[in-house]
Amino acid sequence: MACISTALIVGGSIAGMNAAIALAQQGVTVDVVELSHEALGASLAFSGRAAMALVELGIYDEVYATGRPDLPGNTAVSIRSAATGEILNPGPARPTWPGAVPGVGVFRPTFLAVAQAHAERLGVRIRKGVTYETIEEDADGVTVTFTDGETGRYDLLVGAEGIRSKLREKVFPDAPAPKFAGQLSIRWMVPGEPVPDEGWYASPAGRLGFYYLPGAGTYVPSVINIPEPRWYSQDEVRAIFTGLLDTMQAPAIRELRARLTDSSELIGRQFEWILLEDRWYKGRILLIGDAAHATSAHMGMGGGMALEDAVVLGQEIGGAATLPEALAQFMERRYERVKLVVETSVRLGQLEQERAPHSENVALLTKAFSKLGTPY
Ligand SMILES: Cc1cc2nc3c(=O)[nH]c(=O)nc-3n(C[C@H](O)[C@H](O)[C@H](O)COP(=O)(O)OP(=O)(O)OC[C@H]3O[C@@H](n4cnc5c(N)ncnc54)[C@H](O)[C@@H]3O)c2cc1C
């Protein structure tokens, strides 16, 4: 039997919605409040133990059926010549082990819809466009008032608000702000037929990759070094992205360039990172996902770590005799794994900015992937 009866989850994205599933699987009554009405974003790739987390959450088959199967570890991570498109390097292997399930890429709004539907089937109550107003904690629980006028009382409050978490500021006022990681990521979902020669292409202006997602189009992420953090207008983002495409002559990149129009939606976001040192909880309030540990997309594992957080939280709440015991055990299992992902991702970004030999990047990734192949 679970060591708590009720939980509130603030933020219903990758960490929050899946933590709701994991807690509901243990018989906990769960409320979720999520500010946004609409799920946004491009693609998410889940590999290694993150894919196993989808199995434990009971949504792997559906995600696999709606997403792009077998993605990581195959052609999508090959490094190709920006001049000709030929494969230069197959890219480092993702974690695997006997019994591992294949990785999968999925359109982010599709993934969130699958997770939400599953949470609702398990009885989770989800309110969109709603957040907390006040939070009062005492020895026996947390009382929360909400922007829709409701009040609730919970045994546990889970903050899954992402990298800009306000709860983090409230609960851990001394925590550092997210740090700039020196790079800008521009993402684009390209409509139309799949483009051949999937993989990563690099030039002195930056790098970009692409792969096809059934039903959603071709996902194109790119990474460009920038000197300092600042706001980029849509026109600037478009000019930087067009400039990057124009440095590459490979046939696939010319095809992408031909599909770029003035109305193409480009998502520009600077890479930032944060890792809450020590514990991610105080009393009955726990932070998970990007609220506690966010990083750049160099390993493509931020969302995977959020999924692992969710599963481990469910397991510990289900197995421990008391909440403090569960939270202490949760931290014991999560901290070093997550630290590895955050620190490796930041270092990979630095190596790229230093224009270090590609072999250094592969060596670092291979070492980290092999550690992450062990159970969470
Ligand atoms: C370019 C890029 C590519 C990436 N690719 C991958 C990938 O391929 N695979 C992978 O595993 N990871 C990837 N990641 C990382 C991944 O996107 C994040 O780690 C993941 O989104 C974290 O999930 P989260 O639920 O913690 O936070 P978020 O996804 O940021 O969600 C936070 C949610 O909380 C809500 N919210 C915020 N404040 C409140 C509030 N006060 N009340 C209620 N709701 C609130 C927000 O609306 C939002 O829905 C990528 C990241 C980037 C930047």
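What follows draws every value from the coordinates through simple rules; no lab data is involved. For clarity, every value in this text was computed on a predicted model and none was experimentally measured. Positions of Cβ are backbone-derived with ideal geometry, glycine not excepted, and every protein chain shown enters the neighbour counts.
Just a few scattered comments:
- The 3J(HN,Hα) values that the Karplus relation (6.51, -1.76, 1.60; θ = phi - 60°) gives for the stretch 339-352 are, in residue order, 4, 4, 5, 5, 5, 5, 4, 4, 5, 4, x, 5, 4, 5 Hz. Gly and Pro appear as x.
- Across the stretch 356-373, computed HN-Hα scalar couplings (Karplus, 6.51 cos²θ - 1.76 cosθ + 1.60, θ = phi - 60°) run 5, x, 4, 4, 5, 4, 5, 4, 5, 5, 4, 5, 5, 4, 5, 5, 6, x Hz from first to last residue, x flagging Gly and Pro.
- Neighbour-count ranking [beta-carbon atoms within 10 angstrom, fewest first] of 219, 64: 64, 219
- Rounded to the nearest 20 debye, dipole of the chain from Cβ charges on Lys, Arg, Asp, Glu: 680 debye
- Derived scalar couplings ³J(HN,Hα) [the stretch 152-157; Karplus, 6.51 cos²θ - 1.76 cosθ + 1.60; whole Hz; x for Gly, Pro]: x, 10, 9, 7, 9, 10
- Placed amide H near residue 198: partners under 5 Å, 5+ positions off or other chain: none
- Taking only the C-alpha atoms of the stretch 180-272, the Rg (one decimal) and the largest Cα-Cα distance, Dmax (whole number), read 12.7, 37 Å.
- As a proxy for reagent exposure, 369, 111 were ordered by neighbouring Cβ count within 10 angstrom, fewest first; the result is 369, 111.
- Order of 79, 87 under a 10 Å beta carbon neighbour criterion, fewest first: 87, 79
- Here's how it looks for residue 213: its modeled amide H is under 5 Å from those of 218, 219, which are all 5 or more places away or on a different chain.
- Only one residue of 270, 247, 216 has its Cα farthest out toward the positive end of the dipole of the stretch 169-292, where Lys and Arg carry +1 and Asp and Glu -1 on Cβ, and that residue is 270.
- Of the two radii for the stretch 239-376, the radius of gyration is 1.10 times the Kirkwood radius, both from the alpha carbons; that is the Rg over Rh value.
- For the stretch 238-300, the calculated P(r) over all alpha carbon pairs, in 10 Å bins from 0 to the bin holding the longest distance, is 16, 30, 22, 17, 12, 2 percent.
- Cα→Cβ-extended label distance, 7 Å offset, between residue 265 and residue 128, nm: 1.4 nm
- Net length gained if the chain between residue 151 and residue 139 were fully extended (0.36 nm per residue, minus Cα distance): 2.5 nm
- Counting lysine pairs in the chain whose alpha carbons fall under 28 angstrom apart, excluding pairs fewer than 8 residues apart on the same chain, gives 16.
- Protection proxy ranking of 143-154, 34-45 - average other beta-carbon atoms within 10 Å, highest first: 34-45, 143-154
- Among beta bridges that DSSP assigns inside the chain, antiparallel share in %, nearest 5: 70 percent
- Per-residue extension of 0.36 nm, minus the Cα-Cα distance of residue 235 and residue 169, leaves a gain of 20.5 nm for this segment.
- Taking amide hydrogens as placed 1.01 Å from N in the peptide plane, the amide H of residue 162 sits under 5 Å from those of 290, 291, each at least 5 positions away in sequence or on another chain.
- Förster-model FRET efficiency, 30 Å R0, residue 359 and residue 322, C-beta, rounded to 0.05: 0.05
- Each Cα pair under 8 Å and six or more residues apart adds its separation to the average, and for the stretch 180-272 the resulting relative contact order is 42 percent.
- Mean Cβ neighbour count within 10 Å, used as a protection proxy, ranking 160-169, 233-242 highest first: 160-169, 233-242
- Top positive-direction residue, dipole computed over the chain with Cβ charges, set 16, 227, 289: 227
- If you take the Cα centroid of the stretch 322-375 and the Cα centroid of the stretch 115-169, the two points sit 29 Å apart.
- Projected onto their three principal axes, the Cα atoms of the chain cover extents of 64, 45, 38 Å, largest first.
- Where labels lie 7 Å past Cα in the beta-carbon direction, separation of residue 367 and residue 179 in nm: 1.8 nm
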